[in-house]
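Since every read-out is calculated from the coordinates, none of them should be taken as a lab result. Small disclaimer: the values here were computed from a predicted structure and weren't measured. Quick reminder, even Gly has a Cβ in these numbers, built from the backbone with ideal geometry, and neighbours come from all protein chains shown.
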Amino acid sequence: MGSREEAKTPWEELFRLVTEMATVANLESCPTWLALVPISRAPANSSTYDKARALRRIFLEVVDAAYETHKQTPTDNLACTILAAGALMGLVVDDPKRALVSPSQSRRGPADLKSIRQGVAGAWVGGVDERTVRNHWKTYIENFGQATHDYLEELTSQEEQSRQQVEPQKALPDFKGSEAIKHSDSRIQPSLALDGSLPIETVASEQNLTSPISVDDHSDSSSSEPIQTRDRTQPSVDSDDRKQPQPANPRTVFLSILSAVALIITTIVGAYKWISSDAGESPEPGPVAQPADPSSLPVKVVNMVDIKPAPVGSFVLAENLDFSDEELAEFNTNVYAQTERHSSWFKEHQAIPVDSRAYNPRATITLIGNLQEEIRITDMKVIKDCRPPLDGTFFSPFDPEGTTSPGPKIPRIAFNLDEGDPAPQDANKEPRGNGESYFGSRTITLRYGESETLGLGFFSQQYFCKFTLRLFVATSKGSVYQDIDASGENRDLKSTTTPFSLTALLSGDSKKWHLGGWKNVYARFDWRDDRGKFHREWVRVSPECGLPSELAPYEELFCLDE
């Protein structure tokens, strides 16, 4: 992850997550909240990454409890606003009509578009529109933050009672004034509304709170635009506000359920561990999953065919490669025409494959059972670091109708890298996945020496991603996981020098090679000379859509509408 200025208060950290989403990578930059993670969830010597995984699991437990409360009492205001906050942060992906399971069990990834997440949030608070959500999002986040703070206190208290702490826990900070809803303030102690139907108050900020973020604009962190606060217990003159469930005191039936969750989890935390991949939901809690012992990996990679950027498909160089006419002619003669040198040249220049219609990016991996027993691959995850798409030099095969060849018939799995936590989708019939989890009704079983070849598709229309593949494997000694990079080695994303890589088109549309934004563009052009000799070479295309005459018939494909 690139460096960035960390938020200074717990609220600023949460507000930032409305724009960036509560992924593990983003939670690593929330030091105030990481400091509150109980020792039982992340020992004192845990890495920031492990603490962020534990914090995300806690966030999911809070929205799960809100979901259970909503099922029992759909009018519970606090539960509704917490689910709305979860939607804004990418923790809740389904609206009330589609939510058949708790948020942590949903296999769908959150939408990266804020407007979509705002729509889901609005559905949880009475079906209000996105404008109303934009007007009230801080209230949702404040309620979520206070409920999470209460939950952390409950976890800490129960740990102390059960004597499970191995060292003194850091004291929870006092949430005061605009930095939090002060729990001890007498203004938030009305009669307990077990049915969620009584008017419930929340504290109006004692002073203006500075927010570095808005839902609509990712503004600079130095922004100091004050938040307009009001007594939310009074009716609003805005008709949309009257539709809005009012902020609730955390101590409703929701807190009772959350406390029960804390008790249950505290009693089993010694035997179970929550597993989470970067930027995603956690799978079901299961037996302790530890990194596999490098000396006795349950699965061995015997063959790996990485996502190939060339000679097939579109690819990008991060650098701005501006060939002169002479250099381009030399490149076509001495490099492109020679396959071996051609491949090594693009490797040296770190060519990155592009997700375009002409090329369904996929890798092929052959796994072999490496233990003297039968093992089962029960799940896969992608551990990823994604950023805006590359905008350097774009090379594209000039084949408007081109597609990836079908290849051998092998089991195929697809990952949509635009999702917060890309689920392994069944891609046996749909190259880009059918939306169903590949491991929802099956596992991959390997005896010692038995092999299985898999086709792995990776797709993105929004990001440039570097990533590794994580396999979860059930063995006779328990569940373990091992990471695999593009070379087939057991290396995680932080330690590998050969991750998988993929970039989206700048247009955000894999069906069109729109050229706006690229620094330099080269299109592959096939032609025959007067003697009928076949030629294949790269030709320069202007990013402003000044196409060579031979490409003019395809202007609609390449050029953005003015």
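Okay, here's what the table says:
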| read-out | value |
| --- | --- |
| Fewest-first ranking of Leu14, Leu506, Leu83, Leu390, using other Cβ atoms within 10 Å as the exposure measure | Leu506, Leu390, Leu14, Leu83 |
| HN-Hα J in Hz across the range 128-141 - Karplus 6.51, -1.76, 1.60, θ = phi - 60°, x for Gly and Pro | 6, 7, 5, 4, 5, 4, 5, 6, 10, 4, 5, 4, 4, 5 |
| Where labels lie 7 Å past Cα in the beta-carbon direction, separation of Asp325 and Glu20 in nm | 4.9 nm |
| Options Thr364, Tyr481, Thr393, ranked by Cα towards positive dipole end of the range 298-503, top entry (Cβ charges) | Tyr481 |
| Separation of the Ser296 and Arg387 label points, Cα + 7 Å toward Cβ, nm | 4.1 nm |
| Sequence of Lys138, Lys409 once ranked by neighbouring C-beta atoms within 10 Å, starting from the fewest | Lys409, Lys138 |
| Residues Ala35 and Val305, FRET efficiency given R0 of 51 Å [Cβ-Cβ distance, rounded to 0.05] | 0.70 |
| Test item: Cα-centred dipole of the range 14-97, Lys/Arg +1 and Asp/Glu -1 on Cβ, debye | 200 debye |
| Separation in nanometres of the label points that stand 7 Å from Cα toward Cβ, at Val101 and Lys477 | 3.0 nm |
| Sequence of Asp325, Asp426, Asp50 once ranked by neighbouring C-beta atoms within 10 Å, starting from the fewest | Asp325, Asp50, Asp426 |
